[in-house]
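Each remark here refers to the structure printed beneath this line.
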Amino acid sequence: MMDYLGALIIIFLVIVALHLLTEIKINYKNIKEEKRNAYLDVLQVMTKDELYQKFDEQKDHTAICQWITVYLTMKGYKNIINAANDGDNSIDLTAIDPFGQKTYILCKLGNPQYWNKKINLSLLKELVGTMVAYSAKYGLVITMAELDEKALEYIVKIKENGYHLKYIDGNTILKDLASFRPKELKRIIHSI
């Protein structure tokens, strides 16, 4: 009888110990995740401030397009060409997207004072008009502002007609830059 009782006590203690170890592991993961999220939040704030300063100083749209070229390259775009010199002001760049599709790109990062204003439908219609004129099926709008509801509805509507329009807004840019930064830092640190 005593052996059974001793065995039950040992089993109970093992279960309690495993439960405690699991709790410690879960808490450690949660703390680690909270630290990572806090780090990313700080990076996003720093990145937004850096972008604000960069674009506030840039009066030349060509310099902004050069910055976007680097950004898109990091996102997997290839063969990025400055199309603003072609005389068509409705697109800034053309590129091959990560899926191999030629994409017409409109960059509307502009003055940081207007980053809180939403992008309206007319901008998208202008881009799609250019896409139609050149028989292109893929377009991308890059903006720090958000798109308004009509613009978002328009993206869905034109997809039914075979046109694929994507957008990258400020939140996406900030998240991407925050994720690019650690990768670049690792590469730089490991090269030393």
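The values are calculated or read from the model by the stated rules, or taken from the named source; none is laboratory data. Quick caveat, the model's predicted, so the values are computed rather than measured. Here the Cβ positions follow ideal geometry from the backbone for every residue, glycine too, while neighbour counts run over all protein chains shown.
Would it be correct to say that A63 is closer than 16 Å to T143 by Cα, exposed (fewer than 15 other Cβ atoms within 10 Å of the Cβ) and either among the small types (G, A, S) or modelled with pLDDT under 85 (or both)?
yes
Cβ-Cβ below 8 Å, separation at least six or inter-chain, first residue in the stretch 62-84 and closer than 20 Å to A178 by Cβ, second of a type outside the set (D, E) and loosely packed, with under 13 Cβ neighbours inside 10 Å: which pairs?
K75/P98; G76/P98; Y77/P98
Could you tell me whether I155 is of a type in the set (A, V, I, L, M), in contact (Cβ under 8 Å) with a residue 60 or more places away in the chain and either under 18 Å from I80 (Cα atoms) or not in a loop (DSSP other than H, G, I, E, B) (or both)?
Answer is no for this residue.
Is it fair to say G139 is closer than 20 Å to K118 by Cα and not hydroxyl-bearing (S, T, Y)?
Here the answer is yes, as G139 does meet what is asked.
Which one is farthest from L121 (Cα to Cα), of the residues in the stretch 138-152 that are at pLDDT 85 or above and buried (at least 17 other Cβ atoms within 10 Å of the Cβ)?
Y138
What is the number of the single condition among (1) closer than 24 Å to G129 by Cβ; (2) at pLDDT 80 or above; (3) assigned to a helix (DSSP H, G or I) that I81 does not meet?
(3)
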